[in-house]
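To keep things clear, I will list the structure first and then write my remarks on it.
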Amino acid sequence: MIIDYQPRGVCSRRMTLEVEEGVIRSIRIQGGCDGNLQGISRLVEGMEVSEAIRRLDGIPVSYTHLRAHE
């Protein structure tokens, strides 16, 4: 499943995630600090959606759209 999301209140303009069986297979983020986004992308690829939410919860970035895909 492809999730195309436009976050609000953050530097990133668009996030496109490929989620398969509850696991983040790939993520592309447009806008924001390139180095940080590359690092975040590499860290969450292969991670279960629920684990990504657990780790990122409370950080002022909008990852709540992932909850629908746990």
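The values are calculated or read from the model by the stated rules, or taken from the named source; none is laboratory data. Keep in mind the model is a prediction, meaning the values are calculated, not measured. In this analysis, Cβ positions are derived from the backbone assuming ideal geometry, glycine residues included, and neighbour counts consider all displayed protein chains. Keep in mind that these areas ignore ligands, DNA and RNA; they rest on the heavy atoms of the full protein, side chains included. Shrake-Rupley method; radii C 1.70, N 1.55, O 1.52, S 1.80 Å.
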ask   = Quick one: in the range 57-70, which of the residues that are open to solvent by less than 70 Å² (accessible area, probe 1.4 Å), within 22 Å of residue 11 (Cα to Cα) and part of a helix (DSSP H, G or I) is modelled with the highest pLDDT?
value = 66
note = Across the range 16-30, the tally of residues that are open to solvent by less than 20 Å² (accessible area, probe 1.4 Å) and free of Cβ contacts under 8 Å to residues at least 24 places away in the same chain stands at 1
